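Working notes, beginning with the structure itself.
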Amino acid sequence: MERRDTTMMNIVLLEPEMPSNTGNIGRTCVATKTRLHLIEPLGFKLNEKALKRAGLDYWDKLDVTVYSDYQDFLERNPDALGRMYFATTKAHKVYSNVEYEPDCYLMFGKESAGIPEEILVENEEHCIRIPMWGDIRSLNLSNSVSVVLYEALRQHGFEKMALTGQLHHLNWNH
């Protein structure tokens, strides 16, 4: 069995419904060396074209695990307890005002309903929100994952990530 890097971030999607969002999130996870946890039921099949198209050719590089339900996830990830943050518009804390552990779990609920209220009430101290203007119900799921994940990674100096790029200085004069 492959030894898992314990300092990897973890994205947890509870009952995601849209394959394009999950594909985009999968690609973000590959780009950030983050584990993806999918809790069933899923609103799509893992071999669906829209999922693969959004994830492009990165899906095979993704560290992804599927769970039959939330209880199955908790039983198989006991280290998540106390180190899991729940993204919800109902939270009192702003996501950027939390200190994230380098291997914490960031949970996001399904597109149509979010994380169930009973899970949020049990974990109220670990609920986080992304500020929004006006009466917008929520951000797109894949955008929300990116916002929170990159804040958590920023807090740890984007460890082992490429921090600079290279411009190719071409002669643009004709």
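Normalised per residue, the accessible area of region 103-168 is 64 Å², obtained with a 1.4 Å probe and no contribution from ligands, DNA or RNA.
For the residue pairs K49/K110; K45/K160; K90/K160; K33/K110; K61/K110, the C-alpha atoms sit more than 30 angstrom apart in K45/K160; K90/K160.
The packing ranking, built from the mean of other Cβ atoms within 10 Å per residue, places the peptides 158-167, 81-90 in the order 81-90, 158-167, highest first. Taking the protein heavy atoms of region 110-174 in the context of the full set of protein chains, the accessible area attributed to carbon and sulfur is 54 percent at 1.4 Å.
Using 0.36 nm per residue of separation minus the Cα-Cα distance, give me the extension gain between M132 and A113 in nm, one decimal.
Full extension from M132 to A113 adds 5.1 nm.
Beta bridges per DSSP, both residues in the chain: antiparallel share near 5 percent.
Solvent-free Debye calculation, one equal scatterer per alpha-carbon of region 95-160: log10 I(q)/I(0) at 0.15, 0.23, 0.24, 0.27 Å⁻¹ equals -0.53, -1.16, -1.23, -1.40. Computing semi-axes √(5λ) of the Cα gyration tensor in Å for the structure here picks out one of (i) 27, 20, 18; (ii) 33, 24, 14; (iii) 32, 17, 15, namely (i).
The values are calculated or read from the model by the stated rules, or taken from the named source; none is laboratory data. Fair warning: this is a prediction, and the values are worked out from it, not measured in the lab. Positions of Cβ are generated from backbone atoms using ideal geometry, with glycine treated the same way; all protein chains shown enter the neighbour counts. Only protein heavy atoms, including side chains, enter the accessible area calculation; ligands, DNA and RNA are left aside. Shrake-Rupley method; radii C 1.70, N 1.55, O 1.52, S 1.80 Å.
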